[in-house]
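The structure appears below as structure tokens.
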Amino acid sequence: MNLPPSVGLSGTDYPVYEIDHLTCKARVALHGAHVMSWRPQGEEEVLYLSPDAVYREGKAIRGGIPICWPWFNAHPTDPDAPSHGIARTRFWEMIGAEEDEEGVALRFAMADGIWKAEVTVKAGLDLEVSLESVNTTEIPIVVSGALHSYFSVSDIENVRVVNLEDADFLDTIGEPTMRKQKGAITFSGEVDAIYDSAGKVLLVDDVSGRTILIEKGGSPSTVVWNPWAEKAVAMGDLPDEDYRKFCCIEAAIANDKAVIVMPGNSHVLSTRISVEE
Ligand code: BG6
């Protein structure tokens with residue numbers, strides 16, 4: 001594959017596409033079609049990447065934007081199936097790389113039995129990730145998943161997630177319970193919540209002064225997650241205190257919102273991330 005001038009390739013066993021374009025710098029791993037880093041021109045890094053992330057087939061990178069697919073979290077019926085699906089732990093195939101004055105577009109594909117998907121990463125002043133689930137079989141397939149974005153924050157206790165006010169959500173801490181969001185989301189303990197919301201959200205960092213806009217397509221659910229201290233200590237690929245450095249806001253299709261893709265059809269789950277002025 002010929003790469004455009006703004007895209008380099010580092011690593012052979014573990015290839016990473018290194019984007020250095022007028023509009024942004026970004027890194028995308030072939031493993032998982034995983035955006036590891038994105039820094040639009042004139043801004044600080046937007047994504048959090050764990051310094052203890054493990055880079056090997058069979059393991060998901062901790063941080064960046066894992067592609068969770070074709071199911072979200074536990075498999076609906078098979079307890080032995082990997083959490084968050086099969087896409088984030090394997091190498092994908094690169095099928096396209098282009099650039100223009102607005103940025104760089106990289107396209108990846110994977111196929112495994114009935115599962116077939118393409119991911120397009122467009123990195124420029126905005127970052128767009130789209131995941132197309134393609135049904136080439138003769139039966140309907142049921143798809144869920146998430147673009148599990150880890151956003152870098154000054155401190156988790158400094159941030160607010162805005163625009164989910166009044167949304168219904170499944171609070172999965174302890175016994176899963178449906179609740180209604182009151183006001184902005186703030187963090188003072190573990191949060192693991194699936195919101196019934198297809199709309200955009202804002203991540204406001206009151207100390208760094210940065211606001212990140214997260215827009216979504218084909219995504220009836222928004223997942224907000226931070227493991228907090230105790231769970232972070234139990235995670236081997238995350239430094240104990242680093243739960244303070246990120247907030248996950250995921251464009252998702254979760255639980256009862258799973259999408260049925262008919263034979264010959266496809267479904268696109270997407271997110272567009274931008275730094276607000
Ligand atoms: C979130 C889930 O999307 O991902 C959480 O809502 C889960 O329940 C988290 O703990 C991280 O999952 P993993 O498999 O990457 O550790």
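The table below lists the values:
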item	result
Over 25 Å between alpha carbons, listed pairs Lys200/Lys245; Lys59/Lys200; Lys25/Lys216; Lys122/Lys180; Lys25/Lys116	Lys59/Lys200; Lys122/Lys180; Lys25/Lys116
Mean-position separation - Cα centroids, the stretch 205-277 and the stretch 116-130, in angstrom	15
Spin-label pair Tyr14/Phe91, simplified geometry with 7 Å Cα→Cβ offset, distance in nm	1.3
Rounded, prolate or oblate (a/c below 1.5 giving rounded, otherwise prolate when a/b exceeds b/c) for the stretch 1-41 by Cα gyration tensor	oblate
Spin-label proximity, Met262 to the stretch 121-142 - amide N less than 15 Å from point 7 Å beyond Cα toward beta carbon	135-142
Area accessible to solvent at Lys122, 1.4 Å probe radius, in Å²	100
Magnitude of the charge dipole, the stretch 147-277, Cβ model with Lys/Arg +1 and Asp/Glu -1, debye to 20	440
Order by protection proxy (mean Cβ within 10 Å, highest first), peptides 8-18, 139-149, 46-56	139-149, 46-56, 8-18
Overall form of the chain per C-alpha gyration tensor (a/c, 1.5; a/b vs b/c)	rounded
Heavy-atom surface of the chain, accessible at 1.4 Å and reported per residue (Å²)	45
Whole-percent carbon and sulfur share, accessible surface of the stretch 137-277, 1.4 Å	49
Percentage relative contact order, the stretch 141-257, counting C-alpha pairs under 8 Å, at least six apart	34
Over the chain: helical MRE at 222 nm, DSSP H runs n ≥ 4 each giving -39500 (n - 2.57), nearest 500	-500 deg cm²/dmol
Antiparallel bridge percentage (DSSP; both residues within the stretch 49-147; nearest 5)	95
Length-normalised contact order for the chain - Cα pairs under 8 Å, 6+ apart - percent	18
Extended-chain gain in nm, criterion 0.36 nm per residue less alpha-carbon gap, Glu45 and Thr77	7.7 nm
Prolate/oblate/rounded call for the stretch 225-277, Cα gyration tensor, a/c under 1.5 rounded	oblate
Zone residues, the stretch 168-187, relative to Asp206, backbone N less than 11 Å from point 7 Å out along Cα-to-Cβ	186-187
Contact order normalised by residue count of the stretch 39-172, Cα under 8 Å, 6+ apart, percent	24
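The values are calculated or read from the model by the stated rules, or taken from the named source; none is laboratory data. Bear in mind the structure is a predicted one, so any value in this text is a computation, not a measurement. Note that each Cβ is placed from the backbone with ideal geometry, even for glycine, and that neighbours are counted across all protein chains shown. Just so you know, the surface numbers come from the protein's heavy atoms only, side chains and all, with ligands and any DNA or RNA stripped out. Shrake-Rupley method; radii C 1.70, N 1.55, O 1.52, S 1.80 Å.
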